[in-house]
Amino acid sequence: MPRSAKSFGSIGIPTPPAPRGRRVGVMGGSFNPPHEGHRLAAEVALQRLGLDEVWWIVTPGNPLKSRGALKPLRDRLDAVRALARHPRMCVTGFEEALGSPFTAVTLQFLARRYSGVRFVWIMGADNLVTFNRWQDWRCIAATMPMVIVDRPGYRWKALSSPAAQALAPYRVPEAEARHLASRAPPAWAFLSNELAPHSSTALRQVTDEKEE
């Protein structure tokens, strides 16, 4: 089980509305900054999985990354809202109130709060490469189905990663990805798609160079 949040299940934590039976994709990250690669992943998951909507969860910080170059949460929320302009995309920063930076806690919280919602965790192939280093990563895989969206240069690294190998028995064929939200976890699919060559690290480097 993941580490507990300070208000697990508290009605005081503001989260988007979601009626029972809704099929919701959840995509989390620091989005520092958000880019077209993130938007493409959200759009691909929305279309290919037949989701009703996608939630962008902007986290206060990534436990595996330095916060030295991290912009304030409010600035990143504004940037994501500007990028994710779509009637079926919702941007939220509720993790700040949840009191935990770990994805496992966030997903357990959502699963308990919305017992009738069919969630799918959306992740880029670059994240699958190091997924086995995430806190309680096996719990994440057991909490809700996952979809891995291809990223430039990461397909084979991702599919040969320790986590992918460990979860291989639960992989769903890409042709059946549309039914992923209805499957009981653990279950995951890898989606091939048009690739966007953007990365948050590269964009920050360009911004830093312009400011020098």
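Every number in this text was worked out from the coordinates using simple rules, so none of it is lab data. Remember, it's a predicted structure, so these values are computed and weren't measured experimentally. In this analysis, Cβ positions are derived from the backbone assuming ideal geometry, glycine residues included, and neighbour counts consider all displayed protein chains.
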Among 144-150, 164-170, the order from most to least packed when residues are scored by Cβ within 10 Å on average: 144-150, 164-170
Packing-based ranking, highest mean first, of 177-189, 24-36 given that Cβ atoms within 10 Å are counted: 24-36, 177-189
Whole-percent pair-distance distribution, where bins are 10 Å wide, for the alpha carbons of segment 23-211: 9, 38, 40, 11, 1
Sequence ranges 101-108, 88-95, 75-82, ranked by mean other-Cβ count within 10 angstrom, highest first: 101-108, 88-95, 75-82
Taking 38, 86 and counting other C-beta atoms within 10 Å, the order from fewest to most: 86, 38
